[in-house]
Amino acid sequence: MTAIVKMHKLNKHFGSLHVLKDIELEVAQGEVVVIIGASGSGKSTLIRCVNGLEEFQDGNIEVDGHSLIPHGKSHRALKAIRTEVGMVFQQFNLFPHMSVRDNVSLAPIKVRGTSRPAAEQQADTLLERVNILEQADKYPGQLSGGQQQRVAIARSLAMEPRLMLFDEPTSALDPEMIGEVLDVMRKLAREGMTMMIVTHEMSFAREVADRVVFIHQGSIVEEGTPEQVFDTPQHPRTQSFLARVL
Ligand code: ADP
Ligand code: MG
């Protein structure tokens, strides 16, 4: 299997706070890796390092053959990585003054030089994929949270990413809207998208993950199949975390 992401001896500090400690993690093409752990354990920082939203001080990260080195000194790699990696956050970050269709077609037009008609057609195809084509002419503020998050996913997909990062994509949603977003992510997983997902939705994690990674105070203390991690956790930290959240 080809690894799309390779993290080696990754260390990250925020001032005196050692947030990521000697992280070793590879993600294979088509693999779905779910990262779990307590609040403040470093999950967001870890996936933000993958697309260069955070610098790190030691180690290296290779993303689809592009190498990120410490202190953010990898401008060319960063540029390539940002066009190949999609990211969806807890907050949807849609452009409020643009229609849903324009939100989705903007990056292909600006970054790729795709013609407007072609980009809009692609946007409509993607909006259909996330079950929201009927809202294409509306503005984000007219949509529910679950609808906005599905638009955010479509917007990421418009750049035809090789890898998708999700950081608690359903944590800001009302409970009745969580399912529709998880459905879209399930579909992506089935279609073979490589994904790194931070989530507190443990039954979703069990269902969709090829591998579950448990992080505690900046270290990966356990990883394995969902069955291994959820049913027979080996590390006491994993056991006590799961006892709290399951
Ligand atoms: P998680 O996503 O698992 O909740 P984070 O990666 O957000 O954890 O944070 C890990 C640790 O780093 C926490 O102690 C947090 O307070 C700290 N941290 C996160 N972002 C920053 C920042 N920009 N500056 C300083 N400390 C930060
Ligand atoms: Mg976080």
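Dividing the summed -39500 (n - 2.57) terms of all DSSP H runs of n ≥ 4 by the residue count of the chain sets its mean residue ellipticity at 222 nm at -10500 deg cm²/dmol.
Once the Cβ-Cβ distance of ASP231 and SER39 is raised to the sixth power relative to R0 = 35 Å, the FRET efficiency obtained is 0.90.
So how far, in whole Å, is the C-alpha centre of region 9-84 from the one of region 231-246? So the two Cα centres are separated by 25 Å.
Solvent-accessible area per residue in the chain equals 46 Å², computed with a 1.4 angstrom probe and all protein chains kept.
Ordering GLN142, MET159, GLN121 by the projection of their Cα atoms onto the charge dipole of region 120-173, which places +1 on the Cβ of Lys and Arg and -1 on the Cβ of Asp and Glu, puts MET159 at the extreme positive end.
With only the Cα atoms considered, the chain has a convex hull volume of 128 Å³ per residue. Extension gain, HIS200-THR2: 0.36 nm per intervening residue step, less the Cα-Cα distance, totals 68.5 nm. Segment LEU246..ASP58, full-extension length gain: 64.2 nm, with 0.36 nm per residue of separation and the alpha-carbon distance subtracted.
Using a probe of 1.4 angstrom, how much of the accessible area of region 11-151 is carbon and sulfur, in percent?
Numbers: 3260 of 6710 Å².
Percent of accessible area from carbon and sulfur atoms in region 11-151: 48.
Could you work out the relative contact order of the chain? I mean the mean sequence separation of Cα pairs under 8 Å and 6+ apart, divided by the number of residues, in percent.
Rounded, it is 25 percent for the chain.
Based on the alpha-carbon gyration tensor of region 1-120 and its eigenvalue square roots a ≥ b ≥ c, which shape applies: rounded if a/c is under 1.5, prolate if not and a/b is larger than b/c, or oblate? The shape class here is prolate. FRET efficiency for the ARG186 to THR125 pair, using the beta carbon distance and R₀ = 22 Å, is estimated at 0.70. For region 71-205, list log₁₀ I(q)/I(0) at each q in 0.11, 0.12, 0.13, 0.22 Å⁻¹, using the Debye formula over Cα point scatterers of equal strength and ignoring solvent, two decimals each. So the normalised log intensities work out to -0.38, -0.45, -0.53, -1.41.
Let me know the charge dipole size of region 37-132 about its Cα centre in debye, to the nearest 20, where only the beta-carbon of Lys, Arg (+1) and Asp, Glu (-1) is charged. Intermediate results must be reported in sequence, preceding the final value.
Numbers: 11 positive and 10 negative charges, 44 e Å.
Roughly 200 debye, rounded to the nearest 20.
The values are calculated or read from the model by the stated rules, or taken from the named source; none is laboratory data. For clarity, every value in this text was computed on a predicted model and none was experimentally measured. Positions of Cβ are generated from backbone atoms using ideal geometry, with glycine treated the same way; all protein chains shown enter the neighbour counts. Side chains are part of the model used for accessible areas, which takes the heavy atoms of the whole protein and leaves out ligands, DNA and RNA. Shrake-Rupley method; radii C 1.70, N 1.55, O 1.52, S 1.80 Å.
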